[in-house]
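Please read the structure below before turning to the comments.
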């Protein structure tokens, strides 16, 4: 990317962010009785105290982890649209394992086991789409989306069926004991050490992409498949591998939620994170390090809207529209860069 | 009467900082054939793109037929009667020649309201195409799908397409690069015909002998500037060559082709055949050859006669129906692609792909990344990238091969010739490769670069390499090969030592399939 066009695309992106924020203000002006109050709730409340700020950061963690996976898959021109199912099933498997292991292990082992199990689950599901693409020419875009739609229902079945907590009125599994949850950072908020995991993953991925052979080969596969074959790179391996990696991060994000803030697997708890992660990846503009601010921004939109919803009585539907519009603007600006074909 | 006058025209590509045209001047008389020559990157094609409205000049003025013109788009150029035939044709393979010629300006059925429906009047369409072809002496069946036509046939369609749009100033970019001697001859007859009709032709070319044959005047360009315009009748080919290179000594190196004792057979292909599915039903039929130590085997074919498939089979991009490959004492079944692919990856065979854009380059990556990609293992120590050694190797190749590029520059900012040089530098930087498969190595290169690549090929042969040269350029095959093989419609019609009786004309007969010696 030459400096000129990258400047242009950052300008476009800032414009999109600006427009979406302006639109937010407009909606607030239209629907809230107290515009300035609502504005303050949207923009300032997430930073106003430890509790809100920590929760806002905690919301960014799964977005950053799964957004990173989407970004890596993008780099090899694989579009993983199955994040919803991969994250949800990763959470379920991690939850089952954590509940089963229960008192028998010490917390650290449980965390590792649950994370690995969640990541493997997501990886397996996504790898299926990668393999279908590599060997059967099935678009990974469609297969990952459809497989995810099935998986979500299967997970729902387990939560509401065999794993339903008989003592609860909610559709959820039993709860994990408090000593098996990840240590909190900003008490009393829900932020825990998974934030460090996210940062480590982002940093590791950035180094791997810039400095390792796998990163180099992945980049070549994404830029030109025929050239990759000419260089003796197994394109099949990277198709499957990139999808599996992105699925693994989705699954991991799900697992970390279960052994962290959620403490159980509740029906539909992760709904929407899979899609938001795609926005994060698009916002990050192909840069691993860009995932962190992108995840923070998307989480901020969510946190701000929630504050407004609680504080100023704007209906939740309006809030959802607000978020959707903001993400639409950003995606519309960022997407051309990912899929653009250069003019001859 | 001056048809085209370009004054102090400059064009700079800001992304790469390349000045493609630097106050270039051009004057073309109406009804003449005007050649434009120069090395790769001399700015010939850019100057023509400015004229055809494909690029906008930074400064300078253009006059068409004496009137100042702002040519902002190809449509705009077309209104002024300017049309360009590109090196690579853009056409609809499934549509007929007539449909391609009149695409977008088809005669419609009916009048008034019915006319608005846009129903194409096929009968009139073919009739017009026939008339147009006849008017300029083209022999073209308007009903045949252009996908089935040879390169020269497709080129005729492309030229007719311009003429159908009342183009009076016709620009041809390297029109003969993929034509045989016979086809070139035919093309030149047509061009003379078009000139006779009062049209002006601008001919961008590398080939000096063609200028001497057909052009009235010639403009020489070097480094974006116009060096001068000369009457072809009053200049010699060698003078022209000196002007292009900007040197006083520009004798063509005489390579000779001394018959030396050949070494043992290093690389042998036997009974190679492909399935008929790909490439428009064409299949390779029982191809066999061997390459010895210190030997260049040139395999020549026109477009769509099997050279592409042979390249794909030899580079494991295509799994043939059968065929064996012997390297030294080891034997590989080409139909079982895995073991052969492993051989290719082992580094014993260096392969230069003909399609440098798709197969030879990742255009959005840097020059450095492109250079190190095939031999990347050497640039990662314990899994980590050694940036400085990659940078150094790339810089070395850039200076060795006179590539106009910086290692960190994006590959798509390079001109076609420089991209090709990059691919070539990569192949020649593989030290352990004893077998070289070179496909169209000098395609699109200028005289100087072609000369230097050919010298390298000869040097590699003399150092004991076994070289398989796949090329559709007869001159190149004749200049380099020790032995020559010809494919025509997928069959091997010739394989023998090069001899004095072989020239463009005799090889042309084999290429067109009118002669066979096997």
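Screening residue B:399 with (1) within 27 Å of the chain's Cα centre (by Cα); (2) within 14 Å of chain A (Cβ to nearest Cβ); (3) over 16 Å from residue B:40 (Cβ atoms) gives one miss only, at (2). Checked across region A:17-26, the condition of being surrounded by 24 or more Cβ atoms within 10 Å (Cβ to Cβ) and in a helix (DSSP H, G or I) holds for no residue.
Listed here are the residues, each with its yes/no results for (1) surrounded by fewer than 17 Cβ atoms within 10 Å (Cβ to Cβ); (2) assigned to a helix (DSSP H, G or I); (3) in contact (Cβ under 8 Å) with a residue 12 or more places away in the chain.
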residue	(1), (2), (3)
B:88	yes, no, no
B:118	yes, no, no
B:124	yes, yes, yes
B:157	no, yes, yes
B:162	no, yes, yes
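Looking for something more than 30 Å from the chain's Cα centre (by Cα) and in the same structural domain as residue B:224 (by TED's automatic domain parsing) - is there at least one such residue anywhere in region B:92-115? Scanning region B:92-115 turns up no residue that is more than 30 Å from the chain's Cα centre (by Cα) and in the same structural domain as residue B:224 (by TED's automatic domain parsing).
Taking the criterion of being assigned to a helix (DSSP H, G or I), surrounded by fewer than 22 Cβ atoms within 10 Å (Cβ to Cβ) and within 14 Å of chain B (Cβ to nearest Cβ), would at least one residue in region A:255-265 satisfy it? No - not one qualifying residue is present in region A:255-265. When we screen A:246, A:270 for residues that are closer than 30 Å to residue A:139 by Cα and not in a helix (DSSP H, G or I), the only hit is A:270. Exactly one residue among B:425, B:375, B:366, B:354 is modelled with pLDDT of 90 or more and within 13 Å of chain A (Cβ to nearest Cβ), and that residue is B:366. Only residues that are part of a helix (DSSP H, G or I), touching a residue at least 60 places away in the same chain (Cβ under 8 Å) and over 18 Å from the mean Cα position of the chain (by Cα): list them for region A:311-335, please. Scanning region A:311-335 gives A:311, A:312, A:318, A:321, A:322, A:325, A:329, A:332, A:333. Just checking, how many residues over region B:476-489 are at pLDDT 85 or above and not in a strand (DSSP E or B)? Number satisfying all stated conditions: 7.
So that you can scan it fast, the table gives a plain yes or no per residue for (1) without any contact (Cβ under 8 Å) to a residue 24 or more places away in the chain; (2) assigned to a loop (DSSP other than H, G, I, E, B); (3) over 24 Å from residue A:159 (Cβ atoms):
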| residue | (1), (2), (3) |
| --- | --- |
| A:65 | no, no, no |
| A:71 | no, no, yes |
| A:79 | no, yes, yes |
| A:95 | no, no, no |
| A:98 | no, no, no |
| A:115 | no, no, no |
| A:118 | no, no, no |
| A:126 | no, no, no |
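Every listed requirement among (1) surrounded by fewer than 18 Cβ atoms within 10 Å (Cβ to Cβ); (2) modelled with pLDDT of 90 or more is met by residue B:1 save one, (2).
The values are calculated or read from the model by the stated rules, or taken from the named source; none is laboratory data. It should be emphasised that the depicted structure is a prediction, and the values quoted were computed from it without experimental measurement. Backbone-built Cβ (ideal geometry, glycine too); neighbour counts: all protein chains shown.
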